[in-house]
Amino acid sequence: MTKDEAQREAMRRWCELPIMNRQTHKQARDFSEVLAPALPFHTMGSRQRIIEAWLVRDIEERDSVAQDLAARRQGS
């Protein structure tokens, strides 16, 4: 499995979770610990940490979009 394939699969599984289960960095860390053994991609670093970073990035991007939308609504 390539790193790109692993990232797509990690994000697919992450997005299958209910939104309430993918809100915090701790939830991302916990889920990455479950995913790491199931996604055998080559890396020089910690597979779990790389997956966690992908999941945290998703949380941060979602939060950023929500803040932008809220700011636009207040400005209208």
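See the values below:
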quantity	calculated
Pair list, Cβ < 9 Å and 6+ apart or interchain, from region 34-56 residues that are within 19 Å of Glu16 (Cβ to Cβ) to residues that are among the β-branched types (Val, Ile, Thr) and in a helix (DSSP H, G or I)	Leu35/Ile51; Ala36/Ile50; Ala36/Ile51; Leu39/Ile51
Qualifying positions in region 2-14 - touching a residue at least 24 places away in the same chain (Cβ under 8 Å) and not in a loop (DSSP other than H, G, I, E, B)	Lys3, Glu5, Ala6, Gln7, Glu9, Ala10, Met11, Trp14
Pick from region 17-76, criterion of a type in the set (Gly, Ala, Ser) and touching an Asp or Glu at 6+ places or on another chain (Cβ under 7 Å), ranking: nearest to Met1 (Cα to Cα)	Ser32
Options Phe41, Phe31: the member that is surrounded by 13 or more Cβ atoms within 10 Å (Cβ to Cβ), touching a Ser or Thr at 6+ places or on another chain (Cβ under 7 Å) and not hydroxyl-bearing (Ser, Thr, Tyr)	Phe41
Residues of region 9-26 classified as under 16 Å from Arg49 (Cα atoms) and either surrounded by 12 or more Cβ atoms within 10 Å (Cβ to Cβ) or polar (S, T, N, Q) (or both), total	6
When residues of region 28-64 are limited to those that are farther than 14 Å from Met11 by Cβ and either aliphatic (A, V, I, L, M) or not in a helix (DSSP H, G or I) (or both), the one modelled with the lowest pLDDT	Gly45
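The values are calculated or read from the model by the stated rules, or taken from the named source; none is laboratory data. Please read these numbers as outputs of a predicted model, since none were measured by experiment. Every residue, glycine as well, gets a Cβ built from its backbone with ideal geometry; the counts of neighbours run over all protein chains shown.
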